[in-house]
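The values are calculated or read from the model by the stated rules, or taken from the named source; none is laboratory data. These numbers come from a predicted model, not from an experiment. In this analysis, Cβ positions are derived from the backbone assuming ideal geometry, glycine residues included, and neighbour counts consider all displayed protein chains.
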Amino acid sequence: MSGAAKGARHFLNLSDAGGDALAAMIGDAIDRKGARQGLPKGAVDRDAPLAGRTLAMIFEKNSTRTRVSFDMAIRQLGGTSLILDGGTSQLGRGETVADTARVLSRMCDAIMIRTDDHAKIEEMARHATVPVINGLTDLSHPCQIVADLLTVIEHGLALPGSQWAWLGDGNNVLHSIIEAAGLMKFDVRIGCPEGYDPDPAFIAEAEKAGARITLSRDAATAASGADVVVTDTWISMGQSHAEEKLAAMMPYQVTEALMALAKPDAKFLHCLPAHREEEVVSAVIDGPQSLIWDEAENRLHAQKSVLLWAFGLLG
Ligand code: CP
Ligand code: NVA
């Protein structure tokens, strides 16, 4: 587990928690979500397990879902949050990540950070004495995938042995899906143009754990017979909007014809924000197989589980 030296439970990647803890997180998210049906969204869960705790959130990139879901999650668990950004904190003027980690650890109970280089969050975890949670880096987006797993399970999918198809860029979200495949024993068929493959280290690790990860240049091969079809923006935050990349991605657009190759009850996921008519056509993302709004809402329920795990109250 990364950062274990100081004893804090960091969540930089899904493997920091492992498969059993991930299953416990999903189970707890389902229970908590069910238990607060009908309550106002700002109401605190009856047991208020994080009363008195403060989460510091640092955003060096834009966010809607991650920011709102973590803020509402800590409030529903009885705690509070505060937000720092690159533009107005000393981090943006060159104060080191290590010093920022030391200071925040003296005043707050946990840190969630969205940043670019994954090495920065590793540095944060090395110097923080409170849990550090990955709210997205260029390498991975583990919190998103806790919500994605929760969403498909809620919709009746048994994860072990299920077939996931990823279409498009081999990016941070895909890395966390591949990691989840190894931990939860499902398979991922990736349809991706040459030059945009995911990091082979994630594939090797998942395969070692028994998942089958296949890479194809043909979108139809990747989508055929899939239980879950997933895509994401072709241009991630921090990447330049290259016409060449958009052209290379076009054959991997998720269309109705591509969805028709998946299982008849296949589910469509997208972490959002989406670029309709780029990585996915409107008929699919707004269609009957799309779970995107449940997926977005589940960021909140998943975040609560991640926080409880990080505070040692789960898993
Ligand atoms: N899916 C996701 O992380 O959304 P935000 O960029 O809005 O946080
Ligand atoms: N791959 C996207 C995910 C956004 C939530 C990005 O990094 O911009």
**Fill in**
Looking across region 205-232 at residues that are polar (S, T, N, Q) and assigned to a strand (DSSP E or B), the single one that is surrounded by the most Cβ atoms within 10 Å (Cβ to Cβ) is THR231
**Request:** Look at region 90-108 and say how many of its residues are under 19 Å from THR54 (Cα atoms) and loosely packed, with under 12 Cβ neighbours inside 10 Å.
**Result:** 2
**Prompt:** So which residues in region 13-33 are buried (at least 16 other Cβ atoms within 10 Å of the Cβ), of a type in the set (Asp, Glu) and within 18 Å of GLU154 (Cα to Cα), if there are any at all?
**Reply:** ASP28
**Request:** Please give the number of the condition ALA296 fails out of (1) within 19 Å of the chain's Cα centre (by Cα); (2) over 16 Å from ILE145 (Cβ atoms).
**Result:** (2)
**Message:** Residues that are more than 25 Å from ASP20 (Cβ to Cβ) and of a type outside the set (A, V, I, L, M, F, W, C): does region 154-165 have at least one?
**Reply:** no
**Asked** Does GLY34 satisfy being within 20 Å of the chain's Cα centre (by Cα) and part of a helix (DSSP H, G or I)?
**Response** no
**Item:** Where a residue in region 121-145 is within 10 Å of ASN172 (Cβ to Cβ) and of a type in the set (D, E, K, R) and its partner, wherever it lies, is assigned to a loop (DSSP other than H, G, I, E, B) and away from ligand 2 (no atom under 12 Å from the Cβ), with Cβ under 7 Å and at least six apart
**Value:** ASP138/ASP117
**Complete set of residues in region 63-82 that are among the polar types (S, T, N, Q), within 8 Å of ligand 1 (Cβ to nearest atom) and not in a loop (DSSP other than H, G, I, E, B)** = THR66, SER69
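Conditions tested, residue by residue: (1) within 16 Å of ligand 1 (Cβ to nearest atom); (2) modelled with pLDDT under 95; (3) of a type in the set (Asp, Glu); (4) closer than 25 Å to LEU150 by Cβ.
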site	(1), (2), (3), (4)
GLN239	yes, yes, no, no
ALA242	no, yes, no, no
ALA247	no, no, no, no
TYR252	no, no, no, no
LEU261	no, no, no, no
PRO264	no, no, no, yes
LYS267	no, no, no, yes
**Prompt:** Can you find even one residue in region 47-57 that is within 16 Å of ligand 1 (Cβ to nearest atom), of a type in the set (A, V, I, L, M, F, W, C) and in contact (Cβ under 8 Å) with a residue 12 or more places away in the chain?
**Reply:** yes
**Item:** Residue within region 72-89 that is surrounded by 19 or more Cβ atoms within 10 Å (Cβ to Cβ) and within 16 Å of ligand 2 (Cβ to nearest atom) present
**Value:** no
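Rundown of residues vs (1) within 20 Å of ILE235 (Cβ to Cβ); (2) modelled with pLDDT under 95; (3) in contact with a Leu (Cβ under 7 Å, 6 or more places away or on another chain); (4) within 12 Å of ligand 2 (Cβ to nearest atom), yes/no style:
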residue	(1), (2), (3), (4)
CYS143	no, no, no, yes
GLN163	no, no, no, no
ASP169	yes, no, no, yes
ALA180	no, no, yes, no
LEU183	no, no, yes, no
CYS192	yes, no, yes, no
ALA201	no, no, no, no
ALA204	no, no, no, no
ALA211	no, no, no, no
**Message:** Need pairs with beta-carbon distance below 6 Å; first residue among the small types (Gly, Ala, Ser) and within region 223-241, second within 16 Å of ligand 1 (Cβ to nearest atom); sequence gap 6+ or separate chains.
**Reply:** SER236/ASN171; GLY238/ASP116
**Asked** Assuming MET1 fulfils every condition listed in (1) at pLDDT 95 or above; (2) surrounded by 12 or more Cβ atoms within 10 Å (Cβ to Cβ); (3) of a type in the set (A, V, I, L, M, F, W, C) apart from one, which condition is it?
**Response** (1)
**Prompt:** Is it true that some residue in region 262-272 is touching a strand residue (DSSP E or B) at 6+ places or on another chain (Cβ under 8 Å), among the small types (Gly, Ala, Ser) and closer than 18 Å to LEU291 by Cα?
**Reply:** yes
